[in-house]
């Protein structure tokens, strides 16, 4: 007896499309990404894909928004299971080699900067940037309150520096591939040391 596969709900199909699209956009860029490949990766037809997303731009914007939310959940989870706010940030960097979500999300943000003439993409990137900076600033402020991070820096300005580091990591990965991921972690650890309070001077 042949058993039929259960039909997917609209939400389940949308989730498969977003995941396949994130990988395709991050790997091939916006112009190189093919909706036929995305549909195949999601196990559906192109007409089905376009029932969920009316255009390639709308799909890209939705992927960026979805990836930002997924990254936020990952950061919150790692921070909750790490030794503190700063260690939680470093834990994300150390996961980059094993979790495609991280580097693909960074690549998506880099691509989006070149597509801001499209209102949907611009809105998604603006929201993503605001979400990331707010989250990083809150983590740095929590680190200051816990004594892990020096208190003579503005958390929001430090968040901009950390965000810039992630974009630079995305650029390096685009050029050098997986070989760049070790440096991604090392740079994160270096930034972590720079954020730590100076060691107290020993009294003679």
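The values are calculated or read from the model by the stated rules, or taken from the named source; none is laboratory data. Please read all numbers here as calculations on a predicted model, not as lab measurements. Cβ: placed from backbone, ideal geometry, glycine included. Neighbour counts: every protein chain shown.
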Yes/no for residue 115 being assigned to a loop (DSSP other than H, G, I, E, B), under 12 Å from residue 61 (Cα atoms) and out of contact with any strand residue (DSSP E or B) (no Cβ under 6 Å at 6 or more places or on another chain) = yes
key: Residue satisfying all of: in segment 1-36; part of a loop (DSSP other than H, G, I, E, B) and at pLDDT 95 or above; surrounded by the fewest Cβ atoms within 10 Å (Cβ to Cβ) among these   = 34
key: Extreme residue, surrounded by the most Cβ atoms within 10 Å (Cβ to Cβ), among residues of segment 161-190 that are closer than 16 Å to residue 135 by Cβ and in contact with a helix residue (DSSP H, G or I) (Cβ under 7 Å, 6 or more places away or on another chain)   = 166
message = Of everything in segment 37-55, what is part of a helix (DSSP H, G or I) and touching a helix residue (DSSP H, G or I) at 6+ places or on another chain (Cβ under 6 Å)? Give them in sequence order.
response = 37, 38, 39, 41, 46, 49, 52
query = Tally time: how many residues in segment 183-203 are under 15 Å from residue 84 (Cβ atoms) and either at pLDDT below 90 or assigned to a loop (DSSP other than H, G, I, E, B) (or both)?
reply = 2
Residue pairs meeting the criteria (Cβ under 9 Å; at least 6 apart or on separate chains; first on the phi > 0 side of the Ramachandran plot, in segment 99-113; second surrounded by fewer than 22 Cβ atoms within 10 Å (Cβ to Cβ) and modelled with pLDDT under 95) = none
key: Within segment 128-144, tally of residues that are within 27 Å of residue 16 (Cβ to Cβ) and surrounded by fewer than 15 Cβ atoms within 10 Å (Cβ to Cβ)   = 0
task = Pairs only if they're at least six apart or on different chains, beta carbon under 7 angstrom, first in segment 168-197 and without any contact (Cβ under 8 Å) to a residue 40 or more places away in the chain, second part of a helix (DSSP H, G or I) and exposed (fewer than 13 other Cβ atoms within 10 Å of the Cβ); list them, first residue then second.
result = none
